[in-house]
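The values are calculated or read from the model by the stated rules, or taken from the named source; none is laboratory data. None of these values were measured; they are calculated from a predicted model. Heads up, the Cβs are rebuilt from the backbone with ideal geometry, glycines too, and the neighbour counts pull from every protein chain shown.
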Protein chains: 2
Amino acid sequence: MQFFKVKTVEETFSLIEENIPAIEQTEVRELAEALHYILAEPVIAKENVPSFDRSTVDGYAVRAKDTYGSSESMPGFLTLVGEVKMGEVPTVSVSNGKAVYIPTGGMLPRGSDSVIMIEHCEDVDGLLNTYKQNAPAENVIRTGEDIKEGEILVNKGTKLRPQELGALASLGITHVSVFRKLKVGYLSSGDEIVPYQTETLSAGQIRDINYLTIAGLANEWNVDVVYGGIVKDDFDEFKQKARELYDQVDGLILSGGSSVGAKDYTTDVIQSLGDPGVFVHGISIKPGKPTILALANGKPVIGLPGHPASAMIIFQLFGQRILRKLKGEKTEHKPERIFARMTKNIPSSPGRSDYIRVHLFEKDSEWWAEPIIGKSGLITTLVKSDGIVEITSEKEGVLQGEYVPVFVSR
Amino acid sequence: MQFFKVKTVEETFSLIEENIPAIEQTEVRELAEALHYILAEPVIAKENVPSFDRSTVDGYAVRAKDTYGSSESMPGFLTLVGEVKMGEVPTVSVSNGKAVYIPTGGMLPRGSDSVIMIEHCEDVDGLLNTYKQNAPAENVIRTGEDIKEGEILVNKGTKLRPQELGALASLGITHVSVFRKLKVGYLSSGDEIVPYQTETLSAGQIRDINYLTIAGLANEWNVDVVYGGIVKDDFDEFKQKARELYDQVDGLILSGGSSVGAKDYTTDVIQSLGDPGVFVHGISIKPGKPTILALANGKPVIGLPGHPASAMIIFQLFGQRILRKLKGEKTEHKPERIFARMTKNIPSSPGRSDYIRVHLFEKDSEWWAEPIIGKSGLITTLVKSDGIVEITSEKEGVLQGEYVPVFVSR
C-alpha cells in the first residue's frame with residue numbers, strides 16, 4: 001500500500017480545488033424548474049430593464065423645472081392634461097406648465113422628466129397645486145437603469161437563487177443552460193452495521209444512520225443520493241458493490257469501516273476504482289482524522305469516518321466543497337459561517353484543526369458560542385447544536401470571549 | 001372600507017403569532033422522505049442508544065484499576081485472553097490482570113470497564129505492556145449515554161434536519177408523523193403585468209417576475225406553490241380568480257396591484273374570502289409599506305407590494321413567519337441573522353423599520369456590511385446583495401462601525 005502523509009485542513013481544501021473537475025453534462029431547464037441549479041453559461045441581457053422610463057410612485061408626470069420654487073407656503077400651479085394608464089403607451093404628452101396623472105409602474109409620457117408624488121400636490125378642479133419642487137428623474141426608474149442591454153447579468157457557475165430567477169425572468173428569459181443535477185452513491189461498510197429499519201438490534205449491532213444524515217445534507221445541496229446498501233468486511237464483496245454503484249453515479253460516498261481491517265479494505269477498494277486514486281488519506285482534524293478523498297476517472301470518492309457526528313462534520317466541511325466543484329458552482333454564497341464569541345477557554349493542539357459543536361445564543365447584539373460536551377459518537381450532540389466552531393491548526397486553542405468562526409447547521 | 005392603522009414590524013410579528021393557526025392535517029412519512037417536514041408529535045426513545053457499552057477506539061478492554069501506575073518508564077503487564085469481533089457479543093470476559101482486543105464500535109466484554117488505546121500499549125507475544133493508566137469508562141460510550149429510554153428525543157414542531165433524521169434512525173424509528181406539506185396559491189394582479197414568458201413587451205408592460213422569486217423562496221421553505229395566473233384590474237374577475245385559487249390551497253399570496261384602484265380591489269377581494277379578514281393593512285417599513293396580511297377561515301392571505309425587491313423582503317420577513325406557523329413549526333433554527341458592522345452611516349426615520357440591501361465581506365474576523373444603493377424596483381440590487389440589514393423602528397439610523405443584524409440570502 002502506498003503511504004500518505006496526513007494533510008492539514010488547508011492543504012485538503014487546496015487539493016480539492018486542484019483535483020475535482022466539474023461535470024460536463026448540461027441541460028436546458030425552464031426557469032421555474034431551475035432553482036438551485038448551477039448556470040452553465042453566462043446570461044447576457046438582450047434588452048433594457050425597464051424597457052421604458054417608469055414611475056416608482058403614484059403621482060403626476062411633470063417637467064422638473066416647472067416645479068422649481070414650489071413649497072407648502074408658495075405652491076406652484078400646473079394644468080392637468082390627462083392620465084397615463086397602466087400597461088399602455090401614454091397618448092398625452094407633457095409640455096411647459098402641464099402635468100399628467102401617472103400610477104406607480106406607469107410609462108412616463110413624452111416631455112416629462114420626473115414624477116411628483118400625489119402626497120405633494122392637490123388637484124383643484126384640473127389645476128394641480130404643487131407643494132414641493134422636483135428634481136429631474138425624481139421618482140423615475142430610467143430605461144436600462146436596472147439592467148443594460150449587452151451586460152452580463154448572471155455569470156457561469158452561479159447558483160440560481162430566487163433572486164437570480166427573478167432577474168432572468170425580467171429579461172424574458174424562460175430557459176437556462178445549467179449543469180445537470182448530481183447523483184452520488186452511498187455505501188456503508190462494516191460487519192456491525194445493519195439497515196436503520198432493523199427493528200431489534202442483536203448485541204453489537206449498529207443501525208446505519210449515516211445514510212440519513214449524509215443523504216439529508218446532499219439533498220439540501222440539490223444532489224440526489226442512490227443508496228447502495230451495506231457491505232460486510234469482505235474485500236471482494238466490498239469492491240464489487242462499490243464498482244456497481246460507482247458505475248451508476250457521479251461520485252461515491254463510503255461510510256464506516258472503522259475497524260483496522262475495514263480501513264485497509266476501504267483504501268484498496270477506492271484505489272481499484274480508477275486513477276489517479278487517493279489524494280488525501282488522513283486529515284489533521286478532530287473529529288474525522290481517518291477521512292479518505294480520491295478521484296477515480298473524474299469521479300470523486302469520499303471515505304467518511306463511521307461515527308455519525310464525525311461523518312456529518314467531515315461531509316459538511318469537505319464533501320460540500322467537493323460536490324460544489326463537481327456541480328460547476330463557482331460562487332461562494334456568504335456567509336456560510338458567522339463569527340461568535342466563545343463562552344469558555346478551549347484548548348487545542350497546534351497542527352490540528354479542531355471542530356467543536358456549539359449552542360449559539362444572542363447577547364448584546366453579538367452571537368455567543370457555548371460548547372456542547374460530548375463524545376464524537378453521540379448523535380444527540382449534533383441535534384442539540386446550532387453550529388460547529390473551527391479552531392484552525394495554527395492555534396493552541398481559543399480564549400473566553402475570543403471571536404471564532406462558526407459553521408451554522410440549518 | 002374599514003380603516004386600519006399602520007402597524008410597526010414588531011406589532012406585525014405579534015399579530016402573526018396570535019392569528020395564524022397550524023394546519024391540522026398530518027401524515028406518516030418514511031424517514032428518508034421526511035427531510036424538512038415538521039414533526040407533528042414528540043418522539044420518545046423506546047430503547048437506549050447505544051444499546052450496549054461500546055468502545056470508541058481500537059484498543060484493549062481492561063479493568064481500569066489493573067492499569068494504575070502504568071507509565072512509559074514503568075509499563076504494566078496484562079495477559080491477552082482473546083478478542084471482540086464487530087457486531088458480535090463477546091464470548092470472552094475480562095478478569096483481574098487480563099485484557100481483550102476490541103475494535104472501535106465493539107461491545108465491551110463482561111468484566112471490563114474501559115478501553116486502553118492501541119497506541120498506549122504493546123502486544124509482546126500475548127503479554128500486553130501498558131504504558132498509560134486508564135480511568136474507569138475511558139474510551140467507552142455507556143449504554144444509554146447518547147439517548148436514554150423514555151426520554152423525549154425530538155419535540156413536536158421541530159423541523160427535521162439531517163441530524164434529527166439520524167437521531168430518529170438510531171432509535172430504529174422508520175416512520176414519523178409530520179404536518180403535511182403546505183400548498184399556497186400565487187396570483188398576480190395589474191393591467192401592466194404580463195406572463196414572464198412574454199417574449200417582446202409592448203410599451204408599459206412588465207413581466208411577472210415576482211412569481212419566480214416568491215415561489216423560489218417558498219420552495220426553499222418546503223412549500224409548494226400553485227400558479228394562479230395574472231388578473232387585470234377588474235374587481236369581479238380578481239375576486240373570482242382569488243376565490244378559485246383560495247379553495248385549492250392552504251394560503252394565498254397576492255402580488256402587485258400597485259395602482260390606487262388595484263390597492264382597493266386587493267383589500268376588498270381579501271375581505272370577501274372569509275373571516276376574520278385583514279389584520280394588518282400597511283406596515284411602517286421601508287420598503288414594503290402597502291403590505292396586507294389577513295386570515296380567511298383559517299387560511300392566511302398575504303398581499304405583497306408589486307416591486308420585486310420589496311416583495312422579496314416582505315415575503316422573507318413576514319411570509320416566512322406566516323408559513324412557519326401554518327406548517328406547525330415551533331423551533332427557531334439559529335441564526336437566521338448574523339451581526340455585521342456597517343461601513344457607513346445610514347440615516348433612518350424613527351417609528352419606521354428600514355431594510356437595506358448589503359454586500360457582506362470579512363475583515364479581522366468580523367463581517368462588514370456595505371450598503372448597495374438602488375431603488376426598490378431594481379432586481380439587480382438583490383442579485384448583488386448578500387443580505388438585508390434591519391434598522392429597527394426605535395433607531396434614527398446606524399453609525400459607521402455599529403453592529404447591525406443582517407438577514408442573509410443564501
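Below, the figures for the structure above:
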{"read-out": "Every residue from segment B:17-46 that is in a helix (DSSP H, G or I), within 30 Å of B:ILE292 (Cβ to Cβ) and out of contact with any strand residue (DSSP E or B) (no Cβ under 7 Å at 6 or more places or on another chain)", "value": "B:GLU17, B:GLU18"}
{"read-out": "Residue match in segment B:161-169 (condition: assigned to a strand (DSSP E or B) and either surrounded by fewer than 23 Cβ atoms within 10 Å (Cβ to Cβ) or more than 7 Å from every other protein chain (Cβ to nearest Cβ) (or both))", "value": "no"}
{"read-out": "Failed item, numbered, when A:LEU273 is tested on (1) modelled with pLDDT of 95 or more; (2) under 27 Å from A:VAL9 (Cα atoms); (3) within 28 Å of the chain's Cα centre (by Cα)", "value": "(3)"}
{"read-out": "Residue check, B:TYR265 aromatic (Phe, Trp, Tyr), more than 30 Å from B:GLU394 (Cα to Cα) and under 27 Å from the mean Cα position of the chain (by Cα)", "value": "no"}
{"read-out": "Test set (1) in the same structural domain as B:LYS156 (by TED's automatic domain parsing); (2) out of contact with any Pro (no Cβ under 8 Å at 6 or more places or on another chain) - B:GLY105 fails condition number", "value": "(1)"}
{"read-out": "Among (1) assigned by TED's automatic domain parsing to the domain that holds A:GLY166; (2) among the β-branched types (Val, Ile, Thr); (3) over 30 Å from A:ALA137 (Cβ atoms), the one test that A:VAL43 misses", "value": "(3)"}
{"read-out": "Hey, B:ASP146 under 27 Å from A:GLY288 (Cα atoms), modelled with pLDDT under 95, surrounded by 16 or more Cβ atoms within 10 Å (Cβ to Cβ) and within 42 Å of the chain's Cα centre (by Cα) or not", "value": "yes"}
{"read-out": "Exclusive hit being free of Cβ contacts under 8 Å to residues at least 12 places away in the same chain and either closer than 18 Å to B:LEU168 by Cα or within 14 Å of chain A (Cβ to nearest Cβ) (or both), set B:GLU24, B:GLU33, B:GLU18", "value": "B:GLU33"}
{"read-out": "Residue tally, condition under 29 Å from B:ASP208 (Cβ atoms) and buried (at least 19 other Cβ atoms within 10 Å of the Cβ), over segment A:63-91", "value": "5"}
{"read-out": "Every residue from segment B:110-119 that is out of contact with any helix residue (DSSP H, G or I) (no Cβ under 8 Å at 6 or more places or on another chain), surrounded by 23 or more Cβ atoms within 10 Å (Cβ to Cβ) and free of Cβ contacts under 8 Å to residues at least 60 places away in the same chain", "value": "B:SER112"}
{"read-out": "Given (1) among the hydrophobic types (A, V, I, L, M, F, W, C); (2) out of contact with any Gly (no Cβ under 7 Å at 6 or more places or on another chain); (3) crowded, with 22+ Cβ neighbours inside 10 Å, index of the condition A:VAL28 fails", "value": "(3)"}
{"read-out": "Selection count, segment A:368-387, where residues are modelled with pLDDT of 85 or more and under 22 Å from the mean Cα position of the chain (by Cα)", "value": "0"}
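Here is a yes/no grid of residues against (1) of a type outside the set (Lys, Arg); (2) within 30 Å of B:ILE209 (Cβ to Cβ); (3) in contact with a Lys or Arg (Cβ under 8 Å, 6 or more places away or on another chain):
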{"site": "A:GLU149", "(1), (2), (3)": "yes, yes, yes"}
{"site": "A:THR174", "(1), (2), (3)": "yes, yes, no"}
{"site": "A:THR198", "(1), (2), (3)": "yes, no, yes"}
{"site": "A:ALA203", "(1), (2), (3)": "yes, no, no"}
